[in-house]
1. Tell me whether region 30-41 contains one or more residues that are in contact with a Lys or Arg (Cβ under 9 Å, 6 or more places away or on another chain) and either exposed (fewer than 10 other Cβ atoms within 10 Å of the Cβ) or not in a helix (DSSP H, G or I) (or both).
2. Could you check how many residues of region 58-111 are of a type in the set (Ser, Thr, Tyr) and farther than 17 Å from Gly123 by Cβ?
3. Looking at region 56-71, I want the residues that are among the β-branched types (Val, Ile, Thr) and have a partner that is in a loop (DSSP other than H, G, I, E, B) with Cβ atoms under 6 Å, at least 6 apart or on another chain. Which pairs are those?
4. Across region 56-73, what is the total count of residues that are within 30 Å of Ala99 (Cα to Cα) and surrounded by fewer than 12 Cβ atoms within 10 Å (Cβ to Cβ)?
5. For Glu27, which of the numbered conditions (1) over 24 Å from Gly123 (Cα atoms); (2) at pLDDT 95 or above fails to hold?
6. Quick one: count up the residues across region 51-108 that are under 11 Å from the mean Cα position of the chain (by Cα) and either farther than 18 Å from Thr40 by Cα or basic (Lys, Arg) (or both).
7. Can Asp47 be described as farther than 20 Å from Thr100 by Cβ and at pLDDT below 85?
8. Do we have Arg48 as assigned to a loop (DSSP other than H, G, I, E, B), over 24 Å from Leu104 (Cβ atoms) and charged (D, E, K, R) here?
Amino acid sequence: MWADEAGLDAAQRRVDEWESSISARAERSRALSDRLSGLTASAISPDRTVEATVDSAGTLVGLRLDERIRARSSAHTAEQVLATTRAAHVELLRQVTEATRETLGADDPAASAVIDSYGRRLGLAEEDGDRGGR
């Protein structure tokens, strides 16, 4: 199959480089997964009556309501909770974008795919956040 040793050696080097590249990508993917799984994000309403905290999946895991909220209508309170949770989602996406670009590289197509996937999962349209300058 191989006419000479040089051809065989070159083929072996290519396979070794390919294997090394795959291993490095897998390690970066594991590192990113670890970073993302530990993220949380919080936001506070403009009137400071609502604070919402979301986990790495965007699930609301903390909600603080100031006593002043009692003076507001339930509709206003619900609106504030939703808006503040959405602001926490925007902050989470900002953190995901930063962590992903630092770990995988800003030009890596996989980084863009991860960021876009998070944005869709959080219900954020492309124009809702700056996505770190994308």
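1. First, the residues of region 30-41 that are in contact with a Lys or Arg (Cβ under 9 Å, 6 or more places away or on another chain): 41.
Narrowing further to those that are either exposed (fewer than 10 other Cβ atoms within 10 Å of the Cβ) or not in a helix (DSSP H, G or I) (or both): 41.
Scanning region 30-41, I find at least one residue that is in contact with a Lys or Arg (Cβ under 9 Å, 6 or more places away or on another chain) and either exposed (fewer than 10 other Cβ atoms within 10 Å of the Cβ) or not in a helix (DSSP H, G or I) (or both), so the answer is yes.
2. Filtering region 58-111 for residues of a type in the set (Ser, Thr, Tyr) gives 59, 73-74, 77, 84-85, 97, 100, 103.
Checking the rest, the ones that are also farther than 17 Å from Gly123 by Cβ come to 73-74, 77, 100, 103.
Residues that pass the stated criteria total 5.
3. If the second residue must be in a loop (DSSP other than H, G, I, E, B), the pairs left are Val61/Asp55; Ile69/Thr49.
4. The qualifying residues number 1.
5. (2)
6. Total satisfying the criteria: 2.
7. On the way: farther than 20 Å from Thr100 by Cβ: yes; at pLDDT below 85: no.
No, not satisfied.
8. Values: assigned to a loop (DSSP other than H, G, I, E, B): yes; over 24 Å from Leu104 (Cβ atoms): yes; charged (D, E, K, R): yes.
Against the criterion (assigned to a loop (DSSP other than H, G, I, E, B), over 24 Å from Leu104 (Cβ atoms) and charged (D, E, K, R)), Arg48 qualifies.
The values are calculated or read from the model by the stated rules, or taken from the named source; none is laboratory data. Note that the structure is a prediction, hence the values are computed from the model and not measured. Glycine also receives a Cβ, built like all others from the backbone with ideal geometry; neighbour counts cover every protein chain displayed.
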